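Engineer: Below: one structure in structure tokens.
The values are calculated or read from the model by the stated rules, or taken from the named source; none is laboratory data. All values reported here derive from a predicted model rather than from experimental measurement. No Cβ is skipped: glycine too gets one built from the backbone with ideal geometry, and neighbour counts run over all protein chains shown.
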Amino acid sequence: MFKMLKYLKESKASVAVILILLVIQAYCDLALPQYTADIVDVGIGQAGIEQAVPKLLRQETMEKLSLFMTEEEASVLEASYLLNEEGRYQLIFSLEEKAETERLAQTLEIPILILMTTSVQEQVSSDTLAEMLGEGRLTKEQILQYRETLLEEYSSQNTAMTSQMGIAFVRAEYEAMGMDLSAIQTDYLWRKGGRMLLYAVVMMSASIFVGLLAAKTSAKIGRDLRGRIFSRVVSFSDAEMDQFSTASLITRSTNDIQQIQMVSVMLLRMVLYAPIVGLGGILKVMGTKTGMGWIIAVAVGAILLLVGVLMGLAMPRFKKMQFLVDRLNLVSREILTGLPVIRAFSREHFEEKRFDHANKDLMGNQLFTNRVMTVMMPAMTLIMNLVTVMILWFGAKGVDLGNLQVGDMLAFITYTMQIVISFLMLTMISVMLPRAGVAAERIEEVLALECSILDKEQTQDNRLEAVRGEVRFEKVSFRYPGAEDNVLEGIDFTASPGQTTAIIGSTGCGKSTLVRLIPRFYDVTEGRITIDGVDVKDLSQYRLRELLGYVPQKGVLFSGTIESNLKFAGDFITEAQMEEAAQIAQAMEFIQSKPKKFQEEISQGGTNVSGGQKQRLSIARAIAKQPEICIFDDSFSALDYRTDVVLRKALHEKLTDATVIIVAQRISTILHADQILVLDEGRIVGRGTHQELLNSCEEYREIARSQLSESELEGGRG
């Protein structure tokens with residue numbers, strides 16, 4: 001959760017706008033139920049009369065009301081109305097002014113109750129009381145005492161019934177004055193309905209903009225995370241790459257980020273919105289004064305209990321989900337990339353079982369979590385329906401007793417559903433958060449991994465303005481991270497410009513590891529490697545690799561064209577340089593045979609060319625760069641003998657000024673090298689030319705005996 005918030009923090013402006021829009025949306029959403037209640041209770045039930053405060057009063061009605069008021073109440077009444085030209089008293093303020101309206105309503109409540117109650121008319125009419133007061137037969141104090149006696153009789157009347165009596169009084173007064181009650185009702189319904197429509201439009205607009213901004217923000221988070229992971233992985237040395245499988249890195253860059261992106265949208269749309277609506281709904285419910293707030297507490301408690309049980313069952317499986325997806329991707333990738341080997345060994349059935357096992361593990365985990373979560377929606381629906389039944393049951397009793405109006409009960413149901421659904425939204429997102437949390441942790445593992453090979457703050461690139469290309473190993477030793485023993489020990493030699501240095505030895509003796517130290521794919525453990533006397537660690541990685549032309553053991557081509565692959569080093573490579581490189585690498589013949597020549601498409605991984613063609617294109621790519629130092633890591637193994645000979649001859653003739661380092665398995669490839677280094681168990685056990693090593697190095701002679709005939713060996717010694 002906190003990692004998700006960290007990602008959202010990078011888009012603070014958008015999140016702030018979304019939060020404002022959500023508040024607007026929630027305000028409109030929470031306002032609509034009250035408008036519905038007003039239309040039902042006031043617009044329909046009260047004929048559009050909102051308050052027990054008449055806007056117009058007849059003179060005789062004003063006198064009757066004043067008869068049952070104290071002097072203070074009478075002054076409030078007189079101050080609220082003004083006699084108009086028609087001889088009627090008109091309210092001097094709008095009913096929208098809450099404070100003034102409530103004050104006047106409280107003033108009118110008791111007199112209206114007395115006037116509207118039948119029992120008053122049975123004892124004595126208000127007209128008779130007024131006559132007796134005018135004739136002096138009755139004092140004001142006696143009338144007020146009479147009022148207190150009547151109030152004791154009406155004390156059992158509840159507030160809702162008193163309010164309805166007030167509305168009936170206003171309605172009767174309007175009818176007596178000949179006012180059109182139908183027009184009053186229609187006007188009220190239009191006003192309330194218009195506001196409801198306005199709120200609905202504003203709520204819809206806010207929701208649309210929130211969805212748009214949430215989608216853009218989450219997409220930006222996904223884009224930035226993919227970019228950061230890609231940049232970090234590209235900067236990794238081989239030591240860091242060894243900590244993650246390719247399948248795992250692909251899963252982290254796609255599936256894991258997709259999880260975060262999806263949850264980010266829900267966080268912005270649901271998690272932020274749910275508490276706003278939930279708290280607003282609770283405040284609204286408290287304002288309804290229905291006395292049914294305990295039902296909400298029961299509903300929320302039931303939901304929390306249900307979610308707690310389901311989360312306790314499902315949470316461990318959700319945490320395991322990403323691991324199982326990762327494993328399935330790993331197995332799939334291994335099978336697909338190793339398909340020729342699998343077929344050659346007739347292991348299809350075994351691999352199918354292995355894939356099926358990984359697939360069923362993931363399926364079983366998903367089925368369990370889905371079954372658990374499937375219970376949630378029916379259970380939530382049951383809880384909401386039971387809550388609705390409880391509200392209707394107890395609300396109907398309140399309506400029957402006159403304590404509650406139908407509209408208020410409908411509003412209470414709506415607010416309760418909003419509160420329950422807000423908790424439901426939070427619980428739904430809590431289902432997805434564990435997977436997103438695991439995904440975020442896996443992404444952070446990549447982003448937090450510090451690269452072991454970094455440029456120094458002050459590099460010495462300026463010392464290599466005029467590059468000769470002399471490579472020197474000075475007592476170099478190397479061990480892989482976490483290993484106890486050195487792979488290379490005390491390597492000391494110089495590869496000079498214009499010369500070819502060859503490295504040969506048995507499988508696993510450290511040949512490829514040695515040349516991978518030059519471009520700093522790994523850093524030496526002891527000693528140092530220099531180029532023209534400058535330690536490679538003192539150079540920036542860009543400048544160092546700018547000097548090198550590197551051809552790996554396995555030729556790697558990229559999707560595109562032959563031209564794009566040969567010009568992979570940059571646009572500075574001219575057409576002439578590209579063609580010359582292809583000529584040297586003996587690739588021109590098969591390139592010219594293609595219909596589109598250099599524009600021929602290369603599929604992903606170079607699967608539409610043979611192994612030898614792929615290797616020749618890889619060699620041409622390195623030569624086209626015209627580097628000062630060329631490194632060929634067993635790059636001639638897929639070439640036939642004739643092509644090998646011609647290619648080496650072309651290299652010798654064309655790369656006269658470059659330092660050439662060749663790792664080879666075949667002695668025929670390095671027969672004419674200026675210097676041959678023989679490696680055995682990570683140490684140099686022989687160095688010299690082919691003839692010198694045949695005479696002085698037993699390890700070299702063993703390799704030679706396995707590859708050359710007796711006549712070739714005798715000729716070499718001679």
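Engineer: Just give me the residues in the stretch 586-620 being in contact with a Gly (Cβ under 6 Å, 6 or more places away or on another chain) and either assigned to a loop (DSSP other than H, G, I, E, B) or of a type in the set (Asp, Glu) (or both), in sequence order.
Structural biologist: none
Engineer: Checking the conditions here, which among LEU108, LEU22, LEU82, LEU65 is touching a strand residue (DSSP E or B) at 6+ places or on another chain (Cβ under 9 Å) and either outside any strand (DSSP E or B) or assigned by TED's automatic domain parsing to the domain that holds LEU272 (or both)? Walk me through it before giving the result.
Structural biologist: Details: LEU108 fails: touching a strand residue (DSSP E or B) at 6+ places or on another chain (Cβ under 9 Å); LEU22 fails: touching a strand residue (DSSP E or B) at 6+ places or on another chain (Cβ under 9 Å); LEU82 fails: either outside any strand (DSSP E or B) or assigned by TED's automatic domain parsing to the domain that holds LEU272 (or both).
Just a single option satisfies the conditions, and that option is LEU65.
Engineer: Need at least 1 residues that are of a type in the set (Val, Ile, Thr) and farther than 30 Å from ASP41 by Cβ per element, so show me which helices (runs of 4 or more DSSP H) inside the stretch 318-405 make the cut, counting only ones lying wholly within it.
Structural biologist: Details: elements: 339-344, 348-374, 376-401.
Of the helices (runs of 4 or more DSSP H) lying wholly inside the stretch 318-405, those with at least 1 residues that are of a type in the set (Val, Ile, Thr) and farther than 30 Å from ASP41 by Cβ span 339-344, 348-374.
Engineer: A further question on this structure: Could you say whether any residue in the stretch 260-275 is out of contact with any Lys or Arg (no Cβ under 8 Å at 6 or more places or on another chain), crowded, with 19+ Cβ neighbours inside 10 Å and under 21 Å from ASN329 (Cα atoms)?
Structural biologist: yes
Engineer: Being outside the structural domain of ALA26 (by TED's automatic domain parsing) and under 29 Å from ASP29 (Cα atoms) is true for just one of ILE184, ILE208. Which residue is that?
Structural biologist: Result: ILE184 is the single residue among ILE184, ILE208 that is outside the structural domain of ALA26 (by TED's automatic domain parsing) and under 29 Å from ASP29 (Cα atoms).
Engineer: Also: Which count do you get for residues in the stretch 254-289 that are more than 19 Å from LYS216 (Cα to Cα), out of contact with any Ser or Thr (no Cβ under 6 Å at 6 or more places or on another chain) and of a type outside the set (A, V, I, L, M)?
Structural biologist: Residues of the stretch 254-289 that are more than 19 Å from LYS216 (Cα to Cα), as a first pass: 274-289.
From what is left, the residues that are out of contact with any Ser or Thr (no Cβ under 6 Å at 6 or more places or on another chain) are 275-276, 279-289.
From the residues that got through so far, the ones that are of a type outside the set (A, V, I, L, M) too are 275, 280-281, 284, 287-289.
Adding up the residues that qualify gives 7.
Engineer: Quick one: ASP485 ticks every box in (1) modelled with pLDDT of 80 or more; (2) of a type in the set (D, E, K, R); (3) under 30 Å from MET380 (Cα atoms) bar one, so which box is it?
Structural biologist: (3)
Engineer: Does MET203 satisfy being on the phi < 0 side of the Ramachandran plot and either in contact (Cβ under 8 Å) with a residue 60 or more places away in the chain or not assigned by TED's automatic domain parsing to the domain that holds LYS6 (or both)? Lay out the reasoning, then the answer.
Structural biologist: Values: on the phi < 0 side of the Ramachandran plot: yes; either in contact (Cβ under 8 Å) with a residue 60 or more places away in the chain or not assigned by TED's automatic domain parsing to the domain that holds LYS6 (or both): yes.
Against the criterion (on the phi < 0 side of the Ramachandran plot and either in contact (Cβ under 8 Å) with a residue 60 or more places away in the chain or not assigned by TED's automatic domain parsing to the domain that holds LYS6 (or both)), MET203 qualifies.
Engineer: Please work out if LEU8 is without any contact (Cβ under 8 Å) to a residue 40 or more places away in the chain, part of a helix (DSSP H, G or I), surrounded by 15 or more Cβ atoms within 10 Å (Cβ to Cβ) and touching a helix residue (DSSP H, G or I) at 6+ places or on another chain (Cβ under 9 Å).
Structural biologist: It is false that LEU8 is without any contact (Cβ under 8 Å) to a residue 40 or more places away in the chain, part of a helix (DSSP H, G or I), surrounded by 15 or more Cβ atoms within 10 Å (Cβ to Cβ) and touching a helix residue (DSSP H, G or I) at 6+ places or on another chain (Cβ under 9 Å).
Engineer: Quickly run through the stretch 290-335 and pick out the residues that are over 25 Å from the mean Cα position of the chain (by Cα) and charged (D, E, K, R).
Structural biologist: ARG333, GLU334
Engineer: Being β-branched (Val, Ile, Thr) and either outside any helix (DSSP H, G or I) or over 29 Å from MET196 (Cβ atoms) (or both) is the requirement here; does ILE49 meet it?
Structural biologist: When the stated conditions are applied, ILE49 passes them.
Engineer: Right, here's the next one. Given VAL309, VAL285, which one is surrounded by fewer than 18 Cβ atoms within 10 Å (Cβ to Cβ) and more than 30 Å from ASP224 (Cβ to Cβ)? I'd like the intermediate steps shown before the answer.
Structural biologist: Numbers: VAL285 fails: surrounded by fewer than 18 Cβ atoms within 10 Å (Cβ to Cβ).
Criteria check complete, one pass: VAL309.
Engineer: Any residue that is under 40 Å from the mean Cα position of the chain (by Cα) and either modelled with pLDDT of 80 or more or in the same structural domain as ARG528 (by TED's automatic domain parsing) (or both) - is there at least one of those in the stretch 464-474?
Structural biologist: Step one: of the stretch 464-474, the residues under 40 Å from the mean Cα position of the chain (by Cα) are none.
No, the stretch 464-474 contains no residue that is under 40 Å from the mean Cα position of the chain (by Cα) and either modelled with pLDDT of 80 or more or in the same structural domain as ARG528 (by TED's automatic domain parsing) (or both).
Engineer: I would also like to ask the following. State yes or no: is THR643 within 56 Å of the chain's Cα centre (by Cα), buried (at least 22 other Cβ atoms within 10 Å of the Cβ) and hydroxyl-bearing (Ser, Thr, Tyr)? Can you show your working first?
Structural biologist: Details: within 56 Å of the chain's Cα centre (by Cα): yes; buried (at least 22 other Cβ atoms within 10 Å of the Cβ): no; hydroxyl-bearing (Ser, Thr, Tyr): yes.
It is false that THR643 is within 56 Å of the chain's Cα centre (by Cα), buried (at least 22 other Cβ atoms within 10 Å of the Cβ) and hydroxyl-bearing (Ser, Thr, Tyr).
Engineer: Among the residues of the stretch 384-406, are any within 29 Å of the chain's Cα centre (by Cα) and of a type in the set (D, E, K, R)?
Structural biologist: Filtering the stretch 384-406 down to residues within 29 Å of the chain's Cα centre (by Cα) leaves none.
Checked against the condition, which is being within 29 Å of the chain's Cα centre (by Cα) and of a type in the set (D, E, K, R), the stretch 384-406 yields no hits at all.
Engineer: Give just the number: which of (1) crowded, with 17+ Cβ neighbours inside 10 Å; (2) assigned to a helix (DSSP H, G or I); (3) at pLDDT 85 or above does LEU113 not satisfy?
Structural biologist: All conditions pass for LEU113, except number (3).
Engineer: Still on this structure: Name, by its number, the condition in (1) farther than 30 Å from GLY611 by Cβ; (2) in contact with a strand residue (DSSP E or B) (Cβ under 6 Å, 6 or more places away or on another chain) that does not hold for GLY498.
Structural biologist: Going through (1) farther than 30 Å from GLY611 by Cβ; (2) in contact with a strand residue (DSSP E or B) (Cβ under 6 Å, 6 or more places away or on another chain) one by one, GLY498 breaks only (2).
Engineer: Can you find a residue in the stretch 47-62 that is free of Cβ contacts under 8 Å to residues at least 12 places away in the same chain, closer than 16 Å to LEU108 by Cα and surrounded by fewer than 18 Cβ atoms within 10 Å (Cβ to Cβ)?
Structural biologist: Going residue by residue through the stretch 47-62, those that are free of Cβ contacts under 8 Å to residues at least 12 places away in the same chain are 60.
Still in the list and also closer than 16 Å to LEU108 by Cα: 60.
If we keep only those that are surrounded by fewer than 18 Cβ atoms within 10 Å (Cβ to Cβ) too, we end up with 60.
Yes, the stretch 47-62 contains at least one residue that is free of Cβ contacts under 8 Å to residues at least 12 places away in the same chain, closer than 16 Å to LEU108 by Cα and surrounded by fewer than 18 Cβ atoms within 10 Å (Cβ to Cβ).
Engineer: With SER559, SER540, SER496 as the choices, which residue is closer than 28 Å to LEU639 by Cα, loosely packed, with under 15 Cβ neighbours inside 10 Å and not β-branched (Val, Ile, Thr)?
Structural biologist: Numbers: SER540 fails: closer than 28 Å to LEU639 by Cα; SER496 fails: loosely packed, with under 15 Cβ neighbours inside 10 Å.
Going through SER559, SER540, SER496 in turn, just one is closer than 28 Å to LEU639 by Cα, loosely packed, with under 15 Cβ neighbours inside 10 Å and not β-branched (Val, Ile, Thr): SER559.
Engineer: What residue, of LEU83, LEU181, is touching a helix residue (DSSP H, G or I) at 6+ places or on another chain (Cβ under 9 Å), more than 17 Å from ALA52 (Cα to Cα) and at pLDDT 85 or above?
Structural biologist: Numbers: LEU181 fails: more than 17 Å from ALA52 (Cα to Cα).
Only one candidate qualifies: LEU83.
Engineer: Something else: Suppose we filter LEU65, LEU77, LEU91, LEU82 for residues that are without any contact (Cβ under 8 Å) to a residue 60 or more places away in the chain and within 60 Å of the chain's Cα centre (by Cα); which single one remains?
Structural biologist: On the way: LEU65 fails: within 60 Å of the chain's Cα centre (by Cα); LEU77 fails: within 60 Å of the chain's Cα centre (by Cα); LEU82 fails: within 60 Å of the chain's Cα centre (by Cα).
Selected residue: LEU91, the only one of LEU65, LEU77, LEU91, LEU82 that is without any contact (Cβ under 8 Å) to a residue 60 or more places away in the chain and within 60 Å of the chain's Cα centre (by Cα).
Engineer: Limited to the stretch 556-585, what total is found for residues that are part of a loop (DSSP other than H, G, I, E, B), over 14 Å from ILE623 (Cα atoms) and in contact (Cβ under 8 Å) with a residue 40 or more places away in the chain?
Structural biologist: Residues meeting the conditions: 4.
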